[in-house]
Amino acid sequence: MNKKLIGAAVLVGFALAGCGTLSKVDANGQTEEPVFPDVDKATFHTGSFPNIDNLRQVRDGVTRDQLYDLLGRPHFSEGFRVREWDYLFHFNTPQGLKTCQFKVLFDNEKIARSFHWAPAECADILNPSQPAPVKPFSLSGDVGFAFGSAVLTAAGQSTVRDIAGQLKQMREVQRITVSGHTDRIGDAASNQRLSQQRAESVRRALAAEGIPASVIVAQGFGEERPVVQCDQRDRGDLIACLAPNRRVDIEVQGQR
């Protein structure tokens, strides 16, 4: 084969490579049906573990140079002057190793305009759901404390120990709010102090059970937030009726 034929063959090869784009990408860098290459055809066979913060910066309008700086070179060789770049990424998740394909589509000016994941749920790795409130725990004041006292009873300590055990089973605990409450018996200032002291007692007990003190906030509301209303005239009956108001609530934000 002479040099002219060899040169022609090379040009044809480049032309075919230029048609190697997999998806039908329009002039604006969009497609109705992204097509992902076979993982086995990755030129960077092992893929990579990307920097999550860098991935979050990838958005409409980035250039190829910026993408190269943020993510490195694409992991597939799809041809000359392609309109799409493909990456093979690995992520360490609580469920184990997750492998994902990431596709970037460019417009006619070689500006990135749209992005696709396979499988689609891989996008959730960049946008984790907000920590959901866990069903609150409640510590009855009459069980956890003697009437008018902020010292945890044996039963109260056992209850806090059980709650701490459940918290340790959670995947993540970001914030624990311990709220103390009293009934309306006595003056408001004394009830406020007692509610705060009881909340602090529970906070210390949780920390003693191994829950990080830095995520626990204790607050007292005194008699401001009753859950029952009572009008008994007999003091003993009134104390019994108001029992649900004497409590410590524990609200948790995190992920199970």
Item checked: Hey, Asn28 modelled with pLDDT of 90 or more, over 14 Å from Lys103 (Cβ atoms), part of a loop (DSSP other than H, G, I, E, B) and of a type outside the set (D, E, K, R) or not -> yes
Margin query: Conditions first: (1) surrounded by fewer than 14 Cβ atoms within 10 Å (Cβ to Cβ); (2) not in a strand (DSSP E or B). Leu97 passes all but one, so which condition is the exception?
Written below: (2)
Notebook entry, point to check: over 30 Å from Gly96 (Cα atoms), assigned to a loop (DSSP other than H, G, I, E, B) and out of contact with any strand residue (DSSP E or B) (no Cβ under 6 Å at 6 or more places or on another chain), is that true of Pro244?
Noted result: no
Checklist line | Enumeration of residues in region 167-181 that are over 15 Å from Arg247 (Cα atoms) and either among the hydrophobic types (A, V, I, L, M, F, W, C) or surrounded by 13 or more Cβ atoms within 10 Å (Cβ to Cβ) (or both) | finding: Leu167, Met170, Val173, Arg175, Ile176
Check: When you go through (1) under 30 Å from Leu194 (Cβ atoms); (2) out of contact with any Pro (no Cβ under 9 Å at 6 or more places or on another chain); (3) touching a residue at least 60 places away in the same chain (Cβ under 8 Å) one by one for Ser140, which number turns out not to apply?
Finding: (2)
Check: For Val39, which of the numbered conditions (1) modelled with pLDDT of 65 or more; (2) more than 29 Å from the chain's Cα centre (by Cα); (3) of a type outside the set (D, E, K, R); (4) surrounded by fewer than 16 Cβ atoms within 10 Å (Cβ to Cβ) fails to hold?
Finding: (2)
Check: Which is touching a Leu at 6+ places or on another chain (Cβ under 8 Å) and basic (Lys, Arg), of Arg184, Arg203, Arg225?
Finding: Arg184
Next item on the list: Count, please, the residues in region 241-256 that happen to be more than 34 Å from the chain's Cα centre (by Cα) and either at pLDDT below 90 or of a type in the set (A, V, I, L, M) (or both).
Entry: 2
Next item on the list: Would you mind finding the one in Asp69, Asp86 that is in a strand (DSSP E or B) and farther than 30 Å from Gln255 by Cα?
Entry: Asp86
Margin query: Looking at region 227-256 only, could you name the residues that are under 18 Å from Val143 (Cβ atoms) and buried (at least 16 other Cβ atoms within 10 Å of the Cβ)?
Written below: Ile239, Cys241, Leu242, Ala243, Pro244, Asn245, Arg246, Arg247, Val248, Asp249, Ile250
Next item on the list: Might you check whether a residue that is of a type in the set (S, T, N, Q), closer than 19 Å to Gln196 by Cβ and more than 27 Å from the chain's Cα centre (by Cα) occurs anywhere in region 163-182?
Entry: yes
Check: Which of the residues that make up region 162-177 are of a type in the set (D, E, K, R), part of a strand (DSSP E or B) and under 12 Å from Ile211 (Cβ atoms)?
Finding: Arg175
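The values are calculated or read from the model by the stated rules, or taken from the named source; none is laboratory data. On a predicted model such as this, the values are computed, not experimentally measured, just so you know. Glycine gets a Cβ as well: all are built from the backbone with ideal geometry, and neighbour counts include every protein chain shown.
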